Amino acid sequence: MKLLITGGTGYIGSHTVVELLNLGHTIVIVDNLANSSTEVLSRIETITGKSPTFVHADICDRSALDCLFTEHRFDAVIHFAGLKAVGESNDIPLSYYHNNVSGSITLFEVMASHGVKKLVFSSSATVYGENNCSPLDESMPTSATNPYGQTKLMIENILFDLAKSDADWSIACLRYFNPIGAHQSGLIGENPNGIPNNLLPYVSQVAVGKLPKLQIFGDDYDTQDGTGVRDYIHVVDLALGHVKALEQLDNIDGCQPINLGTGNGTSVLEIVNTFKDISGQDIPYDIVPRRVGDIATVFADASIANNLLGWQAKRDLAMMIEDTWRWQSNNPNGFA
Ligand code: NAD
Ligand code: WQD
């Protein structure tokens, strides 16, 4: 297939591009490099022996997208492009709504006008809000507690309406739980700008000596050790979930939300202790008050992904952390 991958130089996009190139698909990436680097492209080439076409453009730029769809006859689009930092979205909500929502609408309009109506969209478990109990399944009510989450929810709702309005669309809305890990080669991985917000990049930067100490946000939750529990999923398993979704798009009617998670919960302290064992590094931490907006426990019911896509996460926590550590220790400054 010839595929357009928006945000394909980012963390999840680059791992998905590797899997798609390995399967022989032809890839065009469009990315504005807001949170990624072209160095990823040569790393992808080293891993796969193949090069995706790269177009440096913004998905909000209608004429750039129009040119792209005129030049290439795409079979489908995987739409990763978006801003993703929850805290930042509270500070600059308009940028998030513009980039994520307006950018997505522009993309969907250009797709429709060129008759490309197969889409895999990067949604998030954040759309389950704070009022559902885990395991979270796709029939549960959705809500959002911050502008980033609102953008994912708005885009999902746009896609449900779009699919209702025109039966030619086939859309998989993949709701990711907590992606971590890196490619086994240690050549590509997560490369956050500035101080990381998410747990794993923070822990790995403490382990490599770039940050002095982890702050654990609360040890008084109703969980096995009092720290927050999440469903961490290896980014390569996540990438393979996209491959399966793409292969099953013809069997999807309308717009289908699909959880991509392992179904297992792991606490912050379990992450810290496993990271310590695997890396052999000390991970000093302080327990600090809960982070506003966090909830105790989040993990997936992944039955729809299992049954509809024939997909299941295979990589365990040890592999997630070994691969994170290989990436971080081989590339202490990311792609710089
Ligand atoms: P990332 O920031 O590494 O990748 C996103 C890519 O999109 C970047 O390369 C960035 O430069 C590009 N981009 C952003 N705005 C763009 C625009 N207007 N035009 C063109 N390119 C643009 O993030 P990621 O972790 O790979 O996430 C990919 C997608 O998955 C995002 O939509 C994110 O919201 C979603 N998601 C991520 C997580 C997570 O924890 N990483 C969890 C759930 C959902
Ligand atoms: C995990 C656990 C924290 C950092 C976020 C987004 C979500 C999705 C994935 C995009 C929690 C604890 C964290 C730290 C800590 N992204 N923690 N110290 O909050 O589950 O999800 O990323 O869609 O929308 O909200 O992930 O990695 O930030 O936190 O103790 O320095 O680690 O309290 O229990 P989260 P996270």
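Scanning for something touching a residue at least 24 places away in the same chain (Cβ under 8 Å), more than 21 Å from L238 (Cβ to Cβ) and surrounded by fewer than 19 Cβ atoms within 10 Å (Cβ to Cβ), does the range 20-31 turn up at least one residue?
So far as the range 20-31 goes, yes, one or more of its residues are touching a residue at least 24 places away in the same chain (Cβ under 8 Å), more than 21 Å from L238 (Cβ to Cβ) and surrounded by fewer than 19 Cβ atoms within 10 Å (Cβ to Cβ).
Any residue in the range 69-91 that is more than 17 Å from the chain's Cα centre (by Cα), buried (at least 17 other Cβ atoms within 10 Å of the Cβ), closer than 21 Å to I258 by Cα and not hydroxyl-bearing (S, T, Y)?
yes
Can you confirm whether G254 is away from ligand 2 (no atom under 12 Å from the Cβ) and on the phi > 0 side of the Ramachandran plot? Walk me through it before giving the result.
On the way: away from ligand 2 (no atom under 12 Å from the Cβ): yes; on the phi > 0 side of the Ramachandran plot: yes.
Yes.
Does I158 satisfy the condition of being away from ligand 1 (no atom under 13 Å from the Cβ), in contact with a Gly (Cβ under 8 Å, 6 or more places away or on another chain) and at pLDDT 95 or above? Don't jump to the end; show me each part of the working.
Details: away from ligand 1 (no atom under 13 Å from the Cβ): yes; in contact with a Gly (Cβ under 8 Å, 6 or more places away or on another chain): no; at pLDDT 95 or above: yes.
Spelling it out, it is not the case that I158 is away from ligand 1 (no atom under 13 Å from the Cβ), in contact with a Gly (Cβ under 8 Å, 6 or more places away or on another chain) and at pLDDT 95 or above.
In the range 317-336, what residues are in contact (Cβ under 8 Å) with a residue 60 or more places away in the chain and farther than 24 Å from I195 by Cα?
Scanning the range 317-336 gives a single hit, M319.
Can you pull out every residue in the range 275-322 that is acidic (D, E) and out of contact with any helix residue (DSSP H, G or I) (no Cβ under 8 Å at 6 or more places or on another chain)? Give the steps one after another, and end with the answer.
First, pick out the residues of the range 275-322 that are acidic (D, E): 277, 282, 286, 294, 301, 316, 322.
Within the range 275-322, D277, D286, D294, D301, D316 meet the criteria.
Only one of these conditions is not met by S134: (1) in contact (Cβ under 8 Å) with a residue 24 or more places away in the chain; (2) of a type in the set (G, A, S); (3) more than 16 Å from ligand 2 (Cβ to nearest atom). Which number is it?
The failed condition is (3).
Would you tally the residues in the range 112-137 being in contact with a strand residue (DSSP E or B) (Cβ under 6 Å, 6 or more places away or on another chain), of a type outside the set (G, A, S) and within 15 Å of ligand 1 (Cβ to nearest atom)?
So the count comes out to 5.
Outside any loop (DSSP other than H, G, I, E, B), out of contact with any Leu (no Cβ under 7 Å at 6 or more places or on another chain), in contact (Cβ under 8 Å) with a residue 60 or more places away in the chain and among the aliphatic types (A, V, I, L, M): is that true of I12 in this structure? Give the steps one after another, and end with the answer.
Working: outside any loop (DSSP other than H, G, I, E, B): yes; out of contact with any Leu (no Cβ under 7 Å at 6 or more places or on another chain): no; in contact (Cβ under 8 Å) with a residue 60 or more places away in the chain: yes; among the aliphatic types (A, V, I, L, M): yes.
Here the answer is no, as I12 does not meet what is asked.
Which residue, of V292, V288, V272, is at pLDDT below 95 and either surrounded by fewer than 22 Cβ atoms within 10 Å (Cβ to Cβ) or within 30 Å of K117 (Cβ to Cβ) (or both)?
Working: V288 fails: at pLDDT below 95; V272 fails: at pLDDT below 95.
Every option except V292 fails the conditions.
G149 - would you say it is farther than 30 Å from S329 by Cβ and within 12 Å of ligand 1 (Cβ to nearest atom)? Show your work before the answer.
Numbers: farther than 30 Å from S329 by Cβ: yes; within 12 Å of ligand 1 (Cβ to nearest atom): yes.
Considered against the rule, which asks whether it is farther than 30 Å from S329 by Cβ and within 12 Å of ligand 1 (Cβ to nearest atom), G149 comes out as yes.
Identify, from the list V18, V55, V40, the residue that is in a strand (DSSP E or B) and of a type outside the set (S, T, Y). I'd like the intermediate steps shown before the answer.
Numbers: V18 fails: in a strand (DSSP E or B); V40 fails: in a strand (DSSP E or B).
Being in a strand (DSSP E or B) and of a type outside the set (S, T, Y) holds for just one of V18, V55, V40, which is V55.
In this structure, does A34 turn out to be within 19 Å of the chain's Cα centre (by Cα), surrounded by fewer than 17 Cβ atoms within 10 Å (Cβ to Cβ), under 29 Å from G149 (Cα atoms) and within 11 Å of ligand 1 (Cβ to nearest atom)?
Working: within 19 Å of the chain's Cα centre (by Cα): yes; surrounded by fewer than 17 Cβ atoms within 10 Å (Cβ to Cβ): yes; under 29 Å from G149 (Cα atoms): yes; within 11 Å of ligand 1 (Cβ to nearest atom): yes.
The answer is yes for A34.
What residue, of F69, F80, is among the aromatic types (F, W, Y) and within 16 Å of ligand 2 (Cβ to nearest atom)?
Numbers: F69 fails: within 16 Å of ligand 2 (Cβ to nearest atom).
None of the other options fit; the residue is F80.
Out of the range 295-319, which residues are within 16 Å of ligand 2 (Cβ to nearest atom) and touching a Phe, Trp or Tyr at 6+ places or on another chain (Cβ under 6 Å)?
Answer for the range 295-319, where residues must be within 16 Å of ligand 2 (Cβ to nearest atom) and touching a Phe, Trp or Tyr at 6+ places or on another chain (Cβ under 6 Å): A296, A300.
As an exercise: evaluate S279 against (1) in contact (Cβ under 8 Å) with a residue 40 or more places away in the chain; (2) within 16 Å of ligand 2 (Cβ to nearest atom) and give the number of the one condition it does not meet.
Answer for S279: the failing condition is (2).
The values are calculated or read from the model by the stated rules, or taken from the named source; none is laboratory data. Computed from a prediction, not measured in an experiment: that's the story for all the values here. Note that we place each Cβ from the backbone using ideal geometry, even for glycine, and neighbour counts take in every protein chain shown.
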